Amino acid sequence: MLAPFNMKKIIFLGSKPIGYACLQYLIAQQKKLNFEIIGVLTNDNTQFNPKQSVKALAEKNKIKLIPSLAKMPACDILYSVQYHEILQSQHIQQAKQIAVNLHMAPLPDYRGCNQFSFAIIDKAKTFGTTIHQLETGIDNGAILFEDRFKIQKNSWVKDLYEETEKRSIALFESNLKNIVEGNYQPKAQSSFQRKSSFHLRKEINHIKKIDLNWSKKKIERHIRATYFPPFEPPYTELAGVKIYFSSTF
């Protein structure tokens, strides 16, 4: 049976448990919101939960798996949730209505990677999650929707990640209808009176290395900010040997 003429076409790019949760919700809302998911791109990162495979979810629901950005067809809406590649102009332009990204951090406060760790290092009082328009570059598009919240005192990075993940899924779900129907007013990040920072993935290696000459509070903060199994724990070096810290220091 042919789809209705005005049915919008969506391509989903995503991974990790949050990508799985968002795709699951997207699938459930197709009929109600009159859209069709015409393709999924994923690197299928199941490191956090092997049972939450974006690839398997797409296959189960008979959604086409697109092998690469270069093979991505035109669509109305492009929706990225924890996708692992940086999109170029030609990819973004495949979306006739809008291309959006769910960034698990406040913008422009924390652009880039490992934002949870740097918020704890910075002694930030608040954090957040953002749906923003995709533009060339990294996390610099106009803000569409956001949720900001207080960081609990002495939070560990895993605590902050899990709270942000929960709120990110809620933000995705509560604004999906708005995205599909075009009910948004993009606001340039520069229009907000906010600090701005950008962190590369490799920077996490620097803040994991503990100097025992630091104050007790600084050492404790760096451990809280970087101890997140199954990733390499924070450490110090003695005689060239790595000595790892655990959560029960």
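The values are calculated or read from the model by the stated rules, or taken from the named source; none is laboratory data. The structure displayed is predicted, hence computed values, not measured ones. Backbone-built Cβ (ideal geometry, glycine too); neighbour counts: all protein chains shown.
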Filter result for the condition that a residue is within 25 Å of I11 (Cβ to Cβ) and in contact with an Asp or Glu (Cβ under 9 Å, 6 or more places away or on another chain), over A124, A105: A105
Which one is surrounded by the fewest Cβ atoms within 10 Å (Cβ to Cβ) among residues in segment 194-228 that are without any contact (Cβ under 8 Å) to a residue 40 or more places away in the chain and within 21 Å of the chain's Cα centre (by Cα)? K202
Taking segment 170-225 and keeping residues modelled with pLDDT under 95, assigned to a loop (DSSP other than H, G, I, E, B) and within 19 Å of V81 (Cα to Cα) leaves L200
If only one of G141, G182 is in contact (Cβ under 8 Å) with a residue 40 or more places away in the chain and touching an Asp or Glu at 6+ places or on another chain (Cβ under 7 Å), which one is it? G141
Under the condition of being in a helix (DSSP H, G or I) and under 18 Å from the mean Cα position of the chain (by Cα), which residue from segment 29-63 is surrounded by the fewest Cβ atoms within 10 Å (Cβ to Cβ)? K55
Subset of segment 44-100 [β-branched (V, I, T) and in contact with a helix residue (DSSP H, G or I) (Cβ under 9 Å, 6 or more places away or on another chain)]: T46, V54, I63, I77, V81, I98, V100
Positions within segment 1-15 being over 17 Å from Q97 (Cα atoms) and either free of Cβ contacts under 8 Å to residues at least 12 places away in the same chain or touching a helix residue (DSSP H, G or I) at 6+ places or on another chain (Cβ under 8 Å) (or both), in sequence order: M1, L2, G14, S15
Is it the case that F127 is out of contact with any strand residue (DSSP E or B) (no Cβ under 6 Å at 6 or more places or on another chain), free of Cβ contacts under 8 Å to residues at least 40 places away in the same chain, under 30 Å from F198 (Cα atoms) and surrounded by 22 or more Cβ atoms within 10 Å (Cβ to Cβ)? yes
